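Below is one structure; the comments refer to it alone.
The values are calculated or read from the model by the stated rules, or taken from the named source; none is laboratory data. On a predicted model such as this, the values are computed, not experimentally measured, just so you know. Positions of Cβ are backbone-derived with ideal geometry, glycine not excepted, and every protein chain shown enters the neighbour counts. Accessible surface areas use protein heavy atoms only, side chains included; no ligands, DNA or RNA. Shrake-Rupley method; radii C 1.70, N 1.55, O 1.52, S 1.80 Å.
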Amino acid sequence: KLNDIFWTAFLDNASASWFHADNNNVNTGVADMTVGGLTATEVIFMNQTDYDGKPLGIQPAILVVPTALKVPANTLMKSERVIDGTATGLQGDVNPHAGRFRVESSPYMSNAAYTGYSAAAWYMLPDPEDLPFIEIAALFGRVEPVVETADAAFNVLGVEMRGYSDIGVSKQEKKAGVRADGGAS
């Protein structure tokens, strides 16, 4: 259940236009999972300002990608060199992004049951200890469900059970992330 409510909140951009050009936190240009797309998205992230117009001063740390982009993202993070294959003049072959970001992936991101799903869109986020994008709240810090049991009525053989979770999820800060549409809307 926690995954369900987390990804419902994370992916829902319709209710509050969380990722929007007016918020300077969306990349609709070169936004694919390539060196160019990663660089363009990082520029948008690094150009984020606080509400007084001054630089935020936080670094991106996490790439959140759908399962279709997990291998390309991990390849970018683990490859020291890149091969372009084009003849557009002198080019470096060193991967400037190697090892810079932690890659997290989830099948929820590309599942049609969730508003805002996409197999192409991905997100660049800071370390949540620096600036949280989304937070989970749990009663008494307990994220696991509570399961209670009781003996069934005397004329019924068995045990009665019920379970519940006192949890909630909410986005916290629009400036704590950039959505790269990956060529999708």
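Size of the dipole of the chain about the Cα centre, Lys and Arg at +1 and Asp and Glu at -1 on the beta carbon, nothing else charged, in debye to 20?
On the way: 13 positive and 22 negative charges, 66 e Å.
In total the dipole reaches around 320 debye.
Treating each Cα of the chain as an identical point scatterer and ignoring solvent, apply the Debye formula and state log10 I(q)/I(0) at q = 0.08, 0.13, 0.18, 0.19 Å⁻¹.
-0.34, -0.74, -1.22, -1.32
Give the lysines whose C-alpha is closer than 26 Å to that of LYS70, dropping any in the same chain fewer than 8 places away, or say none.
LYS1, LYS78, LYS171, LYS174, LYS175
Suppose we keep just the DSSP beta bridges with both residues in the range 1-154; what percent of those would be antiparallel, to 5? All intermediate terms of the calculation are to be shown ahead of the outcome.
Numbers: 6 of 11 bridges.
Roughly 55 percent of the DSSP beta bridges within the range 1-154 come out antiparallel.
Among TYR123, TYR51, TYR114, which one shows the biggest mean-square fluctuation in a GNM of the chain, springs joining Cα atoms closer than 10 Å?
Top of the fluctuation ranking is TYR51.
Sticking with the crude label model, points 7 Å out along Cα→Cβ, report the distance from SER17 to ASP130 in nm, one decimal please.
So the two model labels end up 2.8 nm from each other.
With the full set of protein chains in place, find how many percent of the accessible area of the range 119-185 is carbon and sulfur; take the probe as 1.4 Å.
On the way: 2250 of 4240 Å².
That fraction is 53 percent.
At what distance in angstrom do the alpha carbon centres of the range 129-184 and the range 26-87 lie from each other?
For the range 129-184 versus the range 26-87, the Cα centre distance is 30 Å.
Given H placed on each backbone N at 1.01 Å, which residues far from ASN27 in sequence or on other chains put an amide H within less than 5 Å of it?
Correct list: ARG179, ALA180, ASP181.
Collect residues whose amide H, placed 1.01 Å from N in the peptide plane, falls under 5 Å from the amide H of ALA61; neighbours closer than 5 in sequence don't count.
When sequence neighbours closer than 5 places are left aside, the close amide H contacts are LEU125, ASP127.
Using a probe radius of 1.4 Å on heavy atoms only, what accessible surface per residue do you get for the chain? Whole Å² is fine.
60 Å²
When you count, for each residue, the other Cβ atoms within 10 Å and take the mean per peptide, how do 170-176, 27-33, 136-142 rank with the highest first?
Details: 170-176: 16.3, 27-33: 19.0, 136-142: 10.4.
Ranked from most to least packed, the peptides come out as 27-33, 170-176, 136-142.
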